[in-house]
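Comments concern the structure below.
The values are calculated or read from the model by the stated rules, or taken from the named source; none is laboratory data. Just so you know, these numbers come straight off a predicted model, no measurement behind them. All Cβ positions, even for glycine, are placed from backbone atoms using ideal geometry, and neighbour counts span all protein chains on display.
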Amino acid sequence: MPCAITMFTTDPDEFLAAFTPERLPVRGPAVARSAFLVSPAADVLAAESASDNRYMDLAAAIDPERMRRQHAALARRLGAELPVVTFPGDPDCPDGMFPNNVYATTSGRLVVGRMRHAVRRREAARSDVRGFFRDLLGYATLDLSQRDDLVAELTGSLVIDRSRGIGLCGLSERCDLAGARAMHAAFGLRLTFAFALAEGEYHTNVVLALLAGRMAILARDGFREHAAADAILRAYPGSLEIDAAQKLAFAANAITLGPRQVWLSRGAADALTPAQHALFAARGFTLAAVELDAIERAGGSLRCCVAEIF
């Protein structure tokens, strides 16, 4: 019987050497069984978050009502594929509509992240979210939020191949090496490859997506070292590379919540070429696009809005 591994590495060659079907057989579902969202509630953007998020523009006018309508439509659309729970937003938490950075799950466990900015650390204290998982679902809680020796912004920084327990973690101001190691343990991963994001990138999930463990969407210019991007593309052959303009349109901020459908924003879908659309079809995926332009002005897109429940 082949022996499954447990490895954390920053070396692309070590990552590829460990990335074999024999050593990393499928061990569980590739997609979540449910999801939760948090409604937008603030009428302003978080200036503190904008200090290291190039996708936010504090000078741009926002439309809070349009944000809320688009978010409600997103919840309805996703609900056709899997059960969706929406928690109310908090006006004191302007980034609260992006809960996947603060809360994430693995089987039977809620993980609470350690956010870089104080404005986001407020989100980690929500008693309703914690109580939902603890009292209703019976999940244990692994809480990183009170640690002052690391930064770990969960599935904003860590893109996970859930089917095989593989983590791809981009290091930035939003996730340091200690945070990456803590998440490797918290999610019970077999293999984690940590690499530096390019200067100015804040989260991995705007430069990289994994789709049902079968295909990646990757923006090479989001990686500090091209060797890291090359290793991921070799690990997931037949993946899609996008250019810098498509990355800025959030084309890598995508998610699969079922085995055949890729969810992304309308702006992201429109940024893709016909040949790129055809590649998704060739890999067995259809695209579902949701209008999210108002939400994207806050510095995140569709995948950022979705916290998965495994």
Worksheet item: Do we have Ile232 as in contact (Cβ under 8 Å) with a residue 40 or more places away in the chain and part of a strand (DSSP E or B) here?
Response: no
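Residues checked against (1) polar (S, T, N, Q); (2) within 15 Å of Pro99 (Cβ to Cβ):
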{"position": "Val119", "(1), (2)": "no, yes"}
{"position": "Arg122", "(1), (2)": "no, yes"}
{"position": "Ala125", "(1), (2)": "no, yes"}
{"position": "Val129", "(1), (2)": "no, yes"}
{"position": "Leu136", "(1), (2)": "no, no"}
{"position": "Ala140", "(1), (2)": "no, no"}
{"position": "Asp149", "(1), (2)": "no, no"}
{"position": "Ser157", "(1), (2)": "yes, yes"}
Worksheet item: Within the group Gly89, Gly79, which residue is closer than 26 Å to Arg297 by Cα, more than 17 Å from the chain's Cα centre (by Cα) and without any contact (Cβ under 8 Å) to a residue 24 or more places away in the chain?
Response: Gly79
Discussion item. Condition (residue is at pLDDT below 95 and out of contact with any helix residue (DSSP H, G or I) (no Cβ under 9 Å at 6 or more places or on another chain)) applied to the range 61-79: is it met by at least one residue?
Written reply: yes
Item to complete: Please go through the range 246-288 and pick out each residue that is among the small types (Gly, Ala, Ser) and either without any contact (Cβ under 8 Å) to a residue 12 or more places away in the chain or more than 24 Å from Ala75 (Cβ to Cβ) (or both).
Response: Ala275, Ala278, Ala281, Ala282, Gly284
Discussion item. Residues that are at pLDDT 95 or above and farther than 23 Å from Phe250 by Cβ: list the helices (runs of 4 or more DSSP H) wholly contained in the range 86-203 that include at least 1 such residues.
Written reply: 118-121, 127-131, 177-186
Worksheet item: Can you find even one residue in the range 217-235 that is over 22 Å from Ala152 (Cα atoms), under 13 Å from the mean Cα position of the chain (by Cα) and not aromatic (Phe, Trp, Tyr)?
Response: yes
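Looking only at the range 116-139, which residues are loosely packed, with under 12 Cβ neighbours inside 10 Å and in contact with a Phe, Trp or Tyr (Cβ under 9 Å, 6 or more places away or on another chain)?
Asp128
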Worksheet, complete the sentence: Checked Asp43, Asp57, Asp11, Asp52 against criteria (of a type in the set (Asp, Glu) and within 20 Å of the chain's Cα centre (by Cα)); the one match is Asp52
Worksheet entry | Members of the range 63-97 found to be basic (Lys, Arg) and closer than 25 Å to Thr286 by Cα, listed by number | Arg69, Arg76, Arg77
Discussion item. Being within 14 Å of the chain's Cα centre (by Cα), among the aromatic types (Phe, Trp, Tyr) and closer than 21 Å to Ala30 by Cα: is that true of Tyr103 here?
Written reply: yes
Worksheet item: Across the range 36-85, what is the number of residues that are in a strand (DSSP E or B) and closer than 17 Å to Val119 by Cβ?
Response: 1
Worksheet item: When you look at Arg214, is it more than 20 Å from Ala307 (Cβ to Cβ) and either touching a Lys or Arg at 6+ places or on another chain (Cβ under 6 Å) or not small (Gly, Ala, Ser) (or both), yes or no?
Response: yes
